[in-house]
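Comments concern the structure below.
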Amino acid sequence: QVQLAESGGGLVQAGGSLRLSCAGSGSIFSRSTISWYRQTPGKQRELVAVIGSGGTTNYADSVKGRFTISRDNAKNMVYLQMNSLKPEDMAVYYCNLRAWGYDTWGQGTRVTVSS
């Protein structure tokens, strides 16, 4: 069974930084692509960043150059470094593993950006 747990959200001023963490359990975590999504009320979840098992990354246009996704397979962790935060980045952020028959989400971590 795979479980994911996000942490690191909080309140930050516009222009500031936060680092989100996604802790995974299960042996497949390190062999799976992990994604970060975000959601605001009334909107669908938006894909923010993706990292493959080998470290290949991809980003939404809205966060390119500001966010960096990384992983530490030895620790079963994926990170999202968020710099130059904008009010429009405010959302609940979720990590997701969709592989090997699993489609698993964490509980989310809230990011609030004050202008």
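The values are calculated or read from the model by the stated rules, or taken from the named source; none is laboratory data. From a predicted model like this one, the values you see are computed outputs, not experimental measurements. In this analysis, Cβ positions are derived from the backbone assuming ideal geometry, glycine residues included, and neighbour counts consider all displayed protein chains. Side chains included, ligands, DNA and RNA excluded: accessible areas come from the protein's heavy atoms. Shrake-Rupley method; radii C 1.70, N 1.55, O 1.52, S 1.80 Å.
In nanometres, what is the gap between the two model label sites at W105 and K86, each 7 Å from Cα along Cα-to-Cβ?
Those two pseudo-labels are separated by 2.5 nm.
Full-extension gain between Q44 and A14, please, as 0.36 nm times their residue separation minus the C-alpha to C-alpha distance.
Between Q44 and A14, full extension yields 8.5 nm more.
Roughly how much of S7 is accessible, in Å² to the nearest 10, using a 1.4 Å probe?
Accessible surface of S7 is approximately 60 Å².
Given the Cα-Cα distance of S62 and K75 and 0.36 nm per residue of separation, how much length would full extension add, in nm?
Going from the current span to full extension adds 1.8 nm.
Please identify the longest segment of the chain free of exposed trypsin sites (Lys or Arg not before Pro), where exposed means a DSSP state other than H, G, I, E or B and no more than 15 other Cβ atoms within 10 Å.
With trypsin sites (Lys or Arg not before Pro) excluded where exposed in loops, the chain gives 67-115 as its longest stretch.
Once amide H atoms are built 1.01 Å from N in the peptide plane, which residues 5 or more positions from G16, or in another chain, come under 5 Å H to H?
For G16, whose amide H was placed from the backbone, the distant partners under 5 Å are L85.
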